[in-house]
Structure formats: structure tokens, C-alpha cells
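Peer 1: I have a structure here, written as C-alpha cells, and I will follow up with some questions on it.
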Amino acid sequence: MDVIARRADVRQANRSIARQAHESEFVEPVPFICECGDTTCTGFARLAVDAFDVVASQPEWHLLGDRHGYRAAVVDAGGVVVELPALPHIVQ
Ligand SMILES: [Zn+2]
């Protein structure tokens, strides 16, 4: 499986996680699966479900998580990493 196919599979799983978080009105950071594309990565990116919805709205964006040193970060098509801030009510 190549990186693009792996990311597509993980994105589909993360959309399912987001749908369930919305349905249960979950307000804490949700552990989404790292979208780096490495099939051996078992990391999670923890972010609000609304923030995930924004990331998922951009086809060129993907998440990086704890295995890469971030709570949650977004990588764009140019490889620019933007680390997402922690939610104000969550102290980690
Ligand atoms: Zn990863």
C-alpha cells in the first residue's frame, strides 16, 4: 500500500470517528488516527472534532500526531506543518 492509499484509508476511518463524535456531542479532543501515510505508524492526533472537519475539507491537508512530536499538526500540499494549539480548557 502506498502513502496516498494509506492516507485515504485513514481519512475514511477518521471521518467515521468524527461522525460518531458529532452524534455523541463529544466535546473533548478526539484521538484521530495519524494520517502520515506510514502503514507502521500507530500514532494519534488529538484535536476537536470541529477542527478535524476543517482539515478534512481540504483534500491536500493531512494530520500528524504524537508519534511525530505533535499533539496535532496539519501538513499542507507544500509540506508546511502547522501545529494546532491545545484547546483552552485542556491542560496537557
Ligand atoms: Zn504517523
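Peer 1: Do the conditions hold for GLY65, that is, is it within 16 Å of the ligand (Cβ to nearest atom) and surrounded by fewer than 13 Cβ atoms within 10 Å (Cβ to Cβ)?
Peer 2: On the way: within 16 Å of the ligand (Cβ to nearest atom): yes; surrounded by fewer than 13 Cβ atoms within 10 Å (Cβ to Cβ): no.
It is false that GLY65 is within 16 Å of the ligand (Cβ to nearest atom) and surrounded by fewer than 13 Cβ atoms within 10 Å (Cβ to Cβ).
Peer 1: I would also like to ask the following. Please go through the range 44-56 and give me each residue that is out of contact with any Cys (no Cβ under 8 Å at 6 or more places or on another chain) and within 15 Å of the ligand (Cβ to nearest atom), ordered by number. Spell out how you get there, then give the answer.
Peer 2: Within the range 44-56, the subset out of contact with any Cys (no Cβ under 8 Å at 6 or more places or on another chain) is 46-56.
If the condition is that a residue be out of contact with any Cys (no Cβ under 8 Å at 6 or more places or on another chain) and within 15 Å of the ligand (Cβ to nearest atom), then ARG46, LEU47, VAL55 are the ones that fit.
Peer 1: While we're looking at this one, here's another question. For the range 14-43, give me the residue count where each residue is within 14 Å of the ligand (Cβ to nearest atom), surrounded by fewer than 13 Cβ atoms within 10 Å (Cβ to Cβ) and under 14 Å from the mean Cα position of the chain (by Cα).
Peer 2: Residues flagged as within 14 Å of the ligand (Cβ to nearest atom), surrounded by fewer than 13 Cβ atoms within 10 Å (Cβ to Cβ) and under 14 Å from the mean Cα position of the chain (by Cα) within the range 14-43 amount to 1.
Peer 1: Still on this structure: Six or more apart or on different chains, Cβ under 9 Å: which pairs go from a residue in the range 18-43 that's more than 19 Å from ALA86 (Cα to Cα) to one that's within 9 Å of the ligand (Cβ to nearest atom) and basic (Lys, Arg)? Could you list them?
Peer 2: Correct list of pairs: CYS36/ARG67; ASP38/ARG67; CYS41/ARG67; THR42/ARG67.
Peer 1: Moving on. Test VAL81 against the criterion of being exposed (fewer than 14 other Cβ atoms within 10 Å of the Cβ) and in contact (Cβ under 8 Å) with a residue 24 or more places away in the chain, and give yes or no. It would help to see each step written out before you state the result.
Peer 2: Details: exposed (fewer than 14 other Cβ atoms within 10 Å of the Cβ): yes; in contact (Cβ under 8 Å) with a residue 24 or more places away in the chain: no.
When the stated conditions are applied, VAL81 does not pass them.
Every number in this text was worked out from the coordinates using simple rules, so none of it is lab data. Note that this is a predicted model, so its numbers are computed, not measured. So basically every Cβ, Gly included, is an ideal-geometry build from the backbone, and we count neighbours across all protein chains shown.
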